[in-house]
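Chemist: Okay, here's the structure, questions in a sec.
The values are calculated or read from the model by the stated rules, or taken from the named source; none is laboratory data. Just so we're clear, the structure is a prediction, and the values are computed from it rather than from any experiment. Note that each Cβ is placed from the backbone with ideal geometry, even for glycine, and that neighbours are counted across all protein chains shown. Each accessible area value is taken on the protein alone, full model and side chains, heavy atoms only, with ligands, DNA and RNA left out. Shrake-Rupley method; radii C 1.70, N 1.55, O 1.52, S 1.80 Å.
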Amino acid sequence: MKTLATDRETFARVVHSDHPTIGLDLEFTPTGRITLVCAAEAHDEQNYTASSLSWEDARGLVGEVMAGGKRVVGHALATVDAPRVCSSLGLPPLPVERVEDTFIWHYLCNADFCKTKEKKDGTESRGTGHLDLWTMASIYTDLNQWKACRGSGGCSGPCPTHDPVGYNAMDGVGPDLAISRLRKDARDKGITESLYQHIVALSEVTELMQSVGSKIDLAHIRALNERLEEQKRNLFLCEERPRVGKKGQELKSVEKHWTSSGDPVPFSPNSSTQVKKYFKDNGILLQKSDKDSLQKAIKRAEKDTAQDPEVLRWLSTLLEFKQEGKGLDTWFGPEHVDAFGYIHPRFNPCGTSTGRLASSSPNFQNIPKHGAWAKDVRRALIPRSKDYHFARADSKQLELRMVLHLAGLREDYGDDAFAWLVKKAWDLFEEAVKIVPDVRYRNPKLHESGVPKGHRELAKRVSHAGDYLEGFKVFYPVDLGRERTVSAVRAGALVLYQDWEYAGGVVGFTGTNLATSLFGDASWDNRKKALELQEAYFGRFPEVRQWHRLVTQQAGRGFVSSPVGRYLALRGTPEDNAKDAAAMLGQGTGAHYIQCGMLALHQAGFTPTINIHDENVIEVPREMSDNKVWEVMQLMAGEFPSLPDFLCPIDIERGENYVDTRKVVRS
């Protein structure tokens, strides 16, 4: 029997029944105040009971649920509903083992859905894709659609329009009915209970991080914004002048005139159409007028000796203008800053297919790290008061260490894994830097690790992209017989592994990106040099290339599973699937390690204030000794049960803001 009620008696019957789980869903006002609460128990699509009450009427019964022993089921329960309910009732957080969050289970079973459509929240995309309640319910139940009105002609509810109370009730029924089926799907995919509990615990930490927020230096932001605007005006100054009619009279309408250093500009820097037309007329084709397209165009133009220097000047000036961007509003705009000078970025543990944290409102993961303004932007992040310092720890070469670990290597990489590569293959990098024209790779000055900076930078470039299958391509029988393929192999501009079969073809490496990066373009001669370097690298570290073969074996099944129990369905081209699999294993497992460190810090009473990829920031009392700070931050660098035998050292710094810090060492 289907029962959707709005009375306290039915609500109480659900709460006190012997059903092992209870579906719970809440509706909120825009300010976060709870308005409606649903309690539900579902046995199958034809047999469920749910009741919705106002928060005032349901408060006592919901308190019984939270203080009782039943497992509580809901969509986004761990991240939204349960924390708010417990806070409103003055209760401690629910134990992890009592939280059944179908949003998290759905994410773990279908992490590839993050790459599909984005779910909107107000005006900002949250990046959760098809992880919403209805998509979950449509996969794991046969319930009729209730999340959207079926139309005025035939819809009588439950839906948001005709029966919002019944709609809320069904929001409790759906998860309660789906949970057992979701759990079975997770078991079938090798997803572990411990991974689910990891995400639940991490959700509590990220919810707290968002609630507490990060303080910013408002005076610094205002001054920096003024400098940025002045810089942009110096690059391109816009003056509005009255239009002139055919008879020379001034018209009421105005037109914009752009100048740069007093010279008229032949286009509006804010008009993509004008920009592309001007440069096309002068022999430079731009698909877009964004920063990446301009940077690539400058590289091409600089090699063209016939290129007009004036055109190149405008190209460079426009790039500089674009790099100034929209000022600081992306991170510190009025929509993000509260009345107390805090921003409250959301860190979502279920927002990326690899397992990294996603960030929004604002996105802390893309605060600039490099460039002229990067330090000034990050300097705006400060502790809550003068009584505190920031302590931040950055994992050293985490992704490289993780790939080497996954490849089966168990060596002591020391304090710098890139330097370890150089020392293990000294002659390789010593010869390579002689043929690479970029001055970065020829820098003879010693890095603090004891190897030349140029050698280390080259090892970083070759290993990082190579470890994630740079230049990877599948060649099918029809490709192998083509004259261009045969000629490329003969010229050394293509490496084929005839014994490495994948997706119905054989694996090859083109060297295109590496050649462009190291030698300026992807000519066959440069591809040959790049591939010789890449193959020599993997010749010295064959375990990594063998790991690549294992990765493609997994990718060939259409999914990949990580050592910590993550599962990712692969739905792209064979090349994309192999690269996505490598990224999920390397970056995703590395991200899991960072998250274990976040949990360890939180459990010790130091909840992170900021997370940016491999770096965590906490607040510590100003008087705390360096030895104590070092001891606390080492919690990030330990060995965790989900990743036995893996350790990653960290760099620790402390200071009065994010940038002006000093190194912390143990005395």
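Chemist: If I compute solvent accessible area with a 1.4 Å probe over the protein chains, what percent of it on the stretch 397-468 is carbon and sulfur?
Modeler: On the way: 1690 of 3300 Å².
Its accessible area is 51 percent carbon and sulfur atoms.
Chemist: Would you mind working out the accessible area per residue for the stretch 579-667, using a 1.4 Å probe, and quoting it in Å²? Walk me through the numbers before you get to the answer.
Modeler: Values: 3440 Å² over 89 residues.
Ligands and nucleic acids excluded, the figure is 39 Å² per residue.
Chemist: How high is the relative contact order of the chain, given as a whole-number percent (alpha carbon pairs under 8 Å, six or more residues apart)? Don't skip to the answer; put the middle values down first.
Modeler: Values: 1125 pairs, mean separation 83.4, N = 667.
RCO, the chain: 12 percent.
Chemist: Heavy-atom accessible area per residue, the stretch 405-558, 1.4 Å probe: how many Å²? Mind showing how you got there, number by number?
Modeler: Numbers: 7310 Å² over 154 residues.
Normalised by residue count, the accessible surface of the stretch 405-558 is 47 Å².
Chemist: Here is a further query. Explain nothing, just the number: relative contact order of the stretch 1-52, from Cα pairs under 8 Å at least 6 residues apart, as a whole percent. Walk me through the numbers on the way to the answer.
Modeler: Details: 86 pairs, mean separation 24.2, N = 52.
With pairs under 8 Å counted, the relative contact order is 46 percent.
Chemist: In addition: Sequence-distant or interchain residues sharing an amide H contact under 5 Å with Thr352, placed H: which?
Modeler: Result for Thr352 returns Ala358.
Chemist: Same structure, new question: Fully extended, how many nm does the chain gain between Gln603 and Asp499 (0.36 nm per residue separation, minus their Cα-Cα distance)?
Modeler: Additional length available on full extension: 32.5 nm.
Chemist: While we're looking at this one, here's another question. Return the carbon/sulfur percentage of the accessible area of the stretch 60-111, one whole number, probe 1.4 Å, all protein chains in place. All intermediate terms of the calculation are to be shown ahead of the outcome.
Modeler: Details: 930 of 1570 Å².
Ligands and nucleic acids excluded, carbon and sulfur give 59 percent.
Chemist: With a 1.4 Å probe and every protein chain kept in, tell me what percent of the accessible surface of the stretch 514-662 is carbon plus sulfur. Don't skip to the answer; put the middle values down first.
Modeler: On the way: 2740 of 5540 Å².
In the stretch 514-662, the share of accessible area belonging to carbon and sulfur is 50 percent.
Chemist: Rounded to the nearest 0.05, what FRET efficiency is calculated for Glu310 and Lys280 with R0 set to 22 Å and r the Cβ-Cβ distance?
Modeler: So the FRET efficiency works out to roughly 0.90.
Chemist: Any cysteines in the chain with zero other Cys Cβ atoms under 4.7 Å from their Cβ? List them, or say none.
Modeler: Here Cys38, Cys86, Cys109, Cys114, Cys155, Cys238, Cys350, Cys596, Cys648 come out as lacking a disulfide-compatible partner, given the Cβ-Cβ threshold of under 4.7 Å.
Chemist: Give a residue-ordered list of calculated ³J(HN,Hα) values for the stretch 65-73 (Karplus: 6.51 cos²θ - 1.76 cosθ + 1.60, θ = phi - 60°; whole Hz; x for Gly, Pro).
Modeler: In residue order, the calculated couplings are 4, 5, 8, x, x, 5, 6, 9, 10 Hz.
Chemist: Further, regarding this structure: What is the gain in length, in nm to one decimal, between Ser517 and Asp217 on full extension, counting 0.36 nm per residue of separation less the C-alpha to C-alpha distance? Write down the numbers at each step before the final one.
Modeler: On the way: separation 300, 0.36 × 300 = 108.00 nm, distance 3.83 nm.
Length difference between fully extended and current span is 104.2 nm.
Chemist: Using per-residue counts of other Cβ atoms within 10 Å, averaged over each peptide, order 223-232, 558-567, 499-508 from highest down.
Modeler: On the way: 223-232: 14.2, 558-567: 19.0, 499-508: 16.8.
Top to bottom by mean Cβ count within 10 Å: 558-567, 499-508, 223-232.
Chemist: Continuing with this model, one more query. Treating cross-link reach as a plain straight distance, find the lysines whose alpha-carbon is under 16 Å from the alpha-carbon of Lys296, omitting any fewer than eight places away in the same chain.
Modeler: Lys276, Lys280, Lys288, Lys322
Chemist: What residues qualify as long-range amide H neighbours of Ser52, i.e. H under 5 Å apart, gap of 5 or more or another chain, H built at 1.01 Å from N?
Modeler: Ala5, Thr6, Asp7
Chemist: Can you give the FRET efficiency for Ala491 and Val665, using 1/(1 + (r/R0)^6), R0 = 60 Å, r = Cβ-Cβ distance, to the nearest 0.05?
Modeler: 0.70
Chemist: Turning to a different aspect of this structure: In whole percent, what relative contact order does the stretch 407-546 give with Cα contacts below 8 Å and a gap of six or more residues? Present the calculation step by step, with values, prior to reporting the outcome.
Modeler: Numbers: 183 pairs, mean separation 31.3, N = 140.
Dividing the mean separation by the residue count of the stretch 407-546 yields 22 percent.
Chemist: A further question on this structure: Could you tell me the calculated FRET efficiency between Glu543 and Leu251, based on Cβ-Cβ distance and R0 = 60 angstrom, to the nearest 0.05? Don't skip to the end; give the middle numbers.
Modeler: On the way: r = 74 Å, r/R0 = 1.23.
Taking R0 as 60 Å, the efficiency between Glu543 and Leu251 is 0.25.
Chemist: Right, something else. Only one of the values (i) 84, 79, 64; (ii) 98, 69, 52; (iii) 125, 69, 52 was calculated from this structure for Cα extents along the principal axes in Å; name its label.
Modeler: Evaluating Cα extents along the principal axes in Å on these atoms matches (i).
Chemist: How large is ³J(HN,Hα) for each residue in the stretch 512-524, as worked out from phi by the Karplus curve 6.51 cos²θ - 1.76 cosθ + 1.60 (θ = phi - 60°), to whole Hz, x for Gly and Pro?
Modeler: 4, 5, 5, 5, 4, 5, 8, 10, x, 7, 9, 4, 4
Chemist: Long-range amide H contacts for His447: which residues qualify at under 5 Å (H placed 1.01 Å from N, peptide plane, sequence gap of 5 or more or a different chain)?
Modeler: When sequence neighbours closer than 5 places are left aside, the close amide H contacts are Lys453.
Chemist: Between Arg300 and Glu535, what is 0.36 nm times their sequence separation minus the Cα-Cα distance? Round to one decimal in nm. Display every interim value, and only then the final one.
Modeler: Working: separation 235, 0.36 × 235 = 84.60 nm, distance 2.77 nm.
Gain in length upon complete extension: 81.8 nm.
Chemist: I want to check the label-to-label distance for Glu240 and Thr161. Put each point 7 Å from Cα in the C-beta direction and report it in nm to one decimal.
Modeler: 4.2
Chemist: Between Gln287 and Asn366, what is the label-to-label distance in nm when each label sits 7 Å out along the Cα-to-Cβ direction?
Modeler: So the label points at Gln287 and Asn366 sit 1.8 nm apart.
Chemist: To continue, here is another question. In whole Hz and in residue order, list the ³J(HN,Hα) couplings for the stretch 529-544 that follow from phi through the Karplus curve 6.51 cos²θ - 1.76 cosθ + 1.60, θ = phi - 60°; x for Gly and Pro.
Modeler: The phi angles translate into 5, 5, 5, 4, 5, 5, 5, 5, 4, 6, x, 7, 10, x, 4, 5 Hz.
Chemist: Per DSSP H run of at least 4 residues, take -39500 (n - 2.57); add these up for the chain, divide by its residues and hand me the 222 nm value, nearest 500 deg cm²/dmol. Don't skip to the end; give the middle numbers.
Modeler: Numbers: 25 runs with 283 residues, N = 667.
That calculation yields -13000 deg cm²/dmol at 222 nm.
Chemist: Using only the Cα atoms of the stretch 215-332, build the gyration tensor, take square roots of its eigenvalues as a ≥ b ≥ c, and label the shape rounded, prolate or oblate: rounded if a/c is under 1.5, else prolate if a/b is larger than b/c, else oblate.
Modeler: Oblate is the answer for the stretch 215-332, as a/c is 1.5 or above yet b/c matches or exceeds a/b.
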